[in-house]
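What follows is a set of notes on a single structure, which appears directly below.
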Amino acid sequence: MKGKLILAFALLLSVMFNSSSQVNGKLPDDQTIRKWMAEYKTPSVAIGTIEDGRVKDLKIVSDKSGTQPLNTVFNVASLTKPVTALTVLRLVTLGSWDLDEPLYHYWTDPDVKNDPRHKLLTSRNILSQKSGFPNWRWMDESKVLKFQFSPGERFGYSGEGYEYLRHALETKFKMSLDRLADSVLFRPYNLKETKFFWDQTIRPERFAVGHDTTGKPYEIYKNREANAANWLMTTIEDYTRFAAEVINGGQLSPGVFEQMVSPQTTLNQNKQVYWGLGWAVIKGLKNEEYALMHGGGGQGVACNVVLLPGSKRGLVVLTNGDRGSEICNKILMEYLGCGEEILSRVR
């Protein structure tokens with residue numbers, strides 16, 4: 001992504017929300033949201049809520065006159081990662097993929113072929129953010145992919161890991177990630193408006209153009225190929241439907257679902273903050289609740305999804321402004337409570 005990248009995990013840790021025992025379930029009214037939008041120079045805010053495991057409310061609040069259509073397309077940045085992760089976990093459920101098989105059986109990046117640590121890479125340590133790679137190779141002065149630590153050793157948020165996994169998947173299945181996801185995820189989940197890249201069905205007038213901190217629109221960047229970690233194009237209806245599927249088990253086998261929501265990486269043992277497979281996980285909330293979380297941020301993009309599988313509730317917020325995370329936080333505070341317990345865990 002051009003410009004300054006906002007790491008999804010950093011955005012995720014800024015989110016304020018709380019457990020089911022403190023949820024009031026009330027969204028702020030449109031007038032209040034528009035006040036925040038004006039303050040934070042963000043022209044569109046899309047909101048999806050989930051109750052009892054079902055999509056409840058969907059809306060887009062816009063600074064334009066009239067109602068912005070629900071089929072408005074948003075770039076959701078790193079909210080791409082949970083979609084890729086669920087694609088992989090669906091393949092595992094179907095018996096077509098092994099989380100612990102070394103990826104070098106299918107793919108080795110030329111940059112690391114002479115580093116023996118590449119033979120340790122598996123889908124599990126990539127989805128649990130233990131690949132050993134930096135977030136992006138282009139952030140390094142050399143522009144060369146290098147291991148920062150051995151795969152599986154510790155947490156390290158990385159888009160490169162997901163892209164490495166994409167290459168392995170595409171090599172084994174002899175099809176692109178978008179076609180693979182369409183067959184095992186998009187169609188089973190009924191995601192009709194979700195795509196890994198810009199195509200002829202996405203008209204510019206349907207796209208929520210990103211805006212900078214002053215409210216000035218960025219130039220539209222039309223990515224033309226799938227990226228497993230970034231640039232997913234979707235609507236609030238589709239992503240909320242995806243989130244509801246996750247809450248209801250994701251059409252995964254019970255064993256695979258349990259692995260997804262179980263700690264694979266420890267971020268803070270005392271505060272019970274972990275990473276599962278594709279999601280951050282916070283355990284030990286009141287009423288035996290736990291949360292799955294992920295965020296996405298970048299140039300003119302700020303979005304969050306928070307799921308409470310125990311109570312089958314969730315919230316998705318998508319915005320198209322550099323300061324949209326401020327609005328995400330406020331909506332999460334209104335809808336999912338004061339957030340003191342969770343915020344104290346992730347600080």
Complete set of residues in the stretch 151-164 that are over 16 Å from the mean Cα position of the chain (by Cα) and under 15 Å from THR84 (Cβ atoms): TYR164
Qualifying residue in the stretch 105-115 (condition: out of contact with any Gly (no Cβ under 6 Å at 6 or more places or on another chain), in contact (Cβ under 8 Å) with a residue 24 or more places away in the chain and either buried (at least 22 other Cβ atoms within 10 Å of the Cβ) or under 30 Å from ARG313 (Cβ atoms) (or both)): no
Within the stretch 58-69, considering residues that are surrounded by fewer than 15 Cβ atoms within 10 Å (Cβ to Cβ) and either at pLDDT 95 or above or polar (S, T, N, Q) (or both), the one farthest from GLY250 (Cα to Cα): SER65
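Across the stretch 179-195, what is the total count of residues that are under 16 Å from the mean Cα position of the chain (by Cα) and not β-branched (Val, Ile, Thr)?
Let us first name the residues in the stretch 179-195 that are under 16 Å from the mean Cα position of the chain (by Cα), namely 181, 185-186, 191, 194-195.
Narrowing further to those that are not β-branched (Val, Ile, Thr): 181, 185-186, 191, 195.
Of the residues in the stretch 179-195, 5 are under 16 Å from the mean Cα position of the chain (by Cα) and not β-branched (Val, Ile, Thr).
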Among (1) among the small types (Gly, Ala, Ser); (2) buried (at least 17 other Cβ atoms within 10 Å of the Cβ); (3) at positive phi - the single one GLY95 does not satisfy: (2)
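Where residues in the stretch 285-313 are of a type in the set (S, T, N, Q) and in contact with an Asp or Glu (Cβ under 9 Å, 6 or more places away or on another chain), which of them is surrounded by the fewest Cβ atoms within 10 Å (Cβ to Cβ)? Walk me through it before giving the result.
Keep residues of the stretch 285-313 that are of a type in the set (S, T, N, Q), which gives 287, 299, 304, 311.
Filter once more, so that each one left must be in contact with an Asp or Glu (Cβ under 9 Å, 6 or more places away or on another chain): 299, 311.
Details: GLN299: 19, SER311: 17.
Among residues in the stretch 285-313 that are of a type in the set (S, T, N, Q) and in contact with an Asp or Glu (Cβ under 9 Å, 6 or more places away or on another chain), the one surrounded by the fewest Cβ atoms within 10 Å (Cβ to Cβ) is SER311.
Can you confirm whether the stretch 231-245 contains a residue that is in a loop (DSSP other than H, G, I, E, B), touching a Phe, Trp or Tyr at 6+ places or on another chain (Cβ under 9 Å) and surrounded by fewer than 23 Cβ atoms within 10 Å (Cβ to Cβ)? Even if it seems obvious, please write down each step before you answer.
So in the stretch 231-245, the residues in a loop (DSSP other than H, G, I, E, B) come out as 231-232, 235.
Among the residues that remain, those that are also touching a Phe, Trp or Tyr at 6+ places or on another chain (Cβ under 9 Å) are: 231-232, 235.
Still in the list and also surrounded by fewer than 23 Cβ atoms within 10 Å (Cβ to Cβ): none.
No.
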Filter result (in contact (Cβ under 8 Å) with a residue 60 or more places away in the chain and surrounded by fewer than 18 Cβ atoms within 10 Å (Cβ to Cβ)) within the stretch 149-172: ARG154, PHE155, HIS167, THR171, LYS172
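The values are calculated or read from the model by the stated rules, or taken from the named source; none is laboratory data. What you are looking at is a predicted structure, and each value in this text was computed from that prediction instead of being measured. Backbone-built Cβ (ideal geometry, glycine too); neighbour counts: all protein chains shown.
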